[in-house]
Amino acid sequence: MNKNYEIVLIGGGLAGLCNAIHLSKFGKKVLLIEKNEYPKHKVCGEYISNEVLPYLHFLNINPFDYGAVKIDNFKLSTTKSKMITAKLPLGGFGISRYKLDFILSEKAKENGVVILQDNVVDVKYKDDVFTVKTKENKCFQSKICVGAFGKRSLIDVKLNRGFIQKKSPYLGVKIHVKGRFQENLVALHNFKGGYCGVSKVENNAINLCYITSFSSFKKYKNIDDFQENVVFKNKFLKEIFKNSKPVWNKPLSISQISFETKKPIENHLIMCGDAAGMIHPLCGNGMSMAIQSAQIASKLILNYLDGVVLSRNELEKEYIRQWNKEFKWRLKTGHFIAMLFRKDKIAAFLLRVLRKFPFLLPIIIKQTHGKLIKI
């Protein structure tokens, strides 16, 4: 295997793979290092806003060719099982990470990207060159290094990033089931201490993904016990769970989900996707943001490698500027909404207001979503 690349991408989720496809499309020599084998299920809401469709088409990916489900309706239920409905301003689609990551990885390989299954243990920057070391004692050098390693990573520890010092109190659980659920709908059902997203993905499967505080969860023996005593207090969730059959033997879970502020550039690494900042899942736009961050990064990297952007300093400043322009307000809004929803009395009041004035809901949704990406 070659030791020198123009770009090394650490992490092969949505952001890493879209970067890989975009950069290789223009003939760049790209190495992508991903610790997991494709395909793999991940704890994820699996709803994607239509804002990214023009960019996916630019990458020669049409999710609807692979069974993605069109979604244009939204339902929100309160902890007391009161329902609010709205049309999604831009709409979206449902597709599993198992399917989408695999599609993107195959496209990357088709474009000539080298994908290495390994774990990065260290990244050093010196004399305008990155040196990347892996668990399998491999060592690579590159002009550009992109961090697309998700919510938490050993590299975050190595870089001494601020958020990694704080324990995060959130836990996510996901399962695919088969049952009855409206095809073009994404629903967000609240329960005490959390909420659950529900939507269809390919093969007529229903994705159930919820997030809760670890302090709420640990009062119960296991996931089944927690669901029976807490999640099912919402009658809509109880009906979906009770009247469906699991596709998998047991749910997936993930802990230490952090919504702390992160920097888009760390020690000259360009951070993409959740590595740069994570929007609260109740906003349903994390996957779209990861994909769009790849577009921003790839365009600037190409300009830098082709001499249009003249210095690394200029590249980094422009990436921070564009990243903040696209995502800073969405993240702040998402964190604010999440903070309100954590306060039971305030959340109950807000949901009553939304039931009375449903036209407010699409306005709120727009604050955490963007417009169609321009190519």
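If you check A187, A148, A205 for being in contact (Cβ under 8 Å) with a residue 60 or more places away in the chain, of a type in the set (A, V, I, L, M) and under 29 Å from Y5 (Cβ atoms), only one passes: A148.
In the range 43-68, how many residues are open to solvent by 10 Å² or more (accessible area, probe 1.4 Å) and of a type outside the set (D, E, K, R)?
15
Beta carbons closer than 8 Å, at least 6 apart along the sequence or on distinct chains, pair a first residue in the range 238-254 that is closer than 19 Å to H41 by Cα and in contact (Cβ under 8 Å) with a residue 24 or more places away in the chain with a second that is assigned to a loop (DSSP other than H, G, I, E, B) and among the small types (G, A, S) for K245/G179; V247/A205.
Listed here are the residues, each with its yes/no results for (1) within 30 Å of L88 (Cα to Cα); (2) open to solvent by 20 Å² or more (accessible area, probe 1.4 Å).
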| position | (1), (2) |
| --- | --- |
| D128 | no, yes |
| C139 | no, yes |
| R161 | no, no |
| Q165 | no, yes |
| R180 | yes, yes |
| H189 | yes, no |
| C209 | yes, yes |
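Looking only at the range 255-266, count how many residues are in contact (Cβ under 8 Å) with a residue 60 or more places away in the chain, crowded, with 16+ Cβ neighbours inside 10 Å and not acidic (D, E). So the answer is 6. Residues that are among the charged types (D, E, K, R) and surrounded by 14 or more Cβ atoms within 10 Å (Cβ to Cβ) within the range 229-249 comprise K233, K238, E239, listed in sequence order.
When the strands (runs of 3 or more DSSP E) confined to the range 129-200 are screened for residues that are within 24 Å of S255 (Cα to Cα), those reaching at least 2 such residues are found at 170-178, 185-191, 194-200. Checking G273, G286, G307 one by one, the residue that is open to solvent by less than 40 Å² (accessible area, probe 1.4 Å) and at positive phi is G273 and no other. Looking across the range 18-45 at every residue that is part of a helix (DSSP H, G or I) and out of contact with any strand residue (DSSP E or B) (no Cβ under 7 Å at 6 or more places or on another chain), the one that is nearest to R97 (Cα to Cα) is identified as C18.
Filtering the range 257-269 for residues that are at positive phi and outside any helix (DSSP H, G or I) leaves a non-empty set.
The values are calculated or read from the model by the stated rules, or taken from the named source; none is laboratory data. From a predicted model like this one, the values you see are computed outputs, not experimental measurements. Backbone-built Cβ (ideal geometry, glycine too); neighbour counts: all protein chains shown. Areas reflect the complete protein model, heavy atoms only, side chains present, ligands, DNA and RNA absent. Shrake-Rupley method; radii C 1.70, N 1.55, O 1.52, S 1.80 Å.
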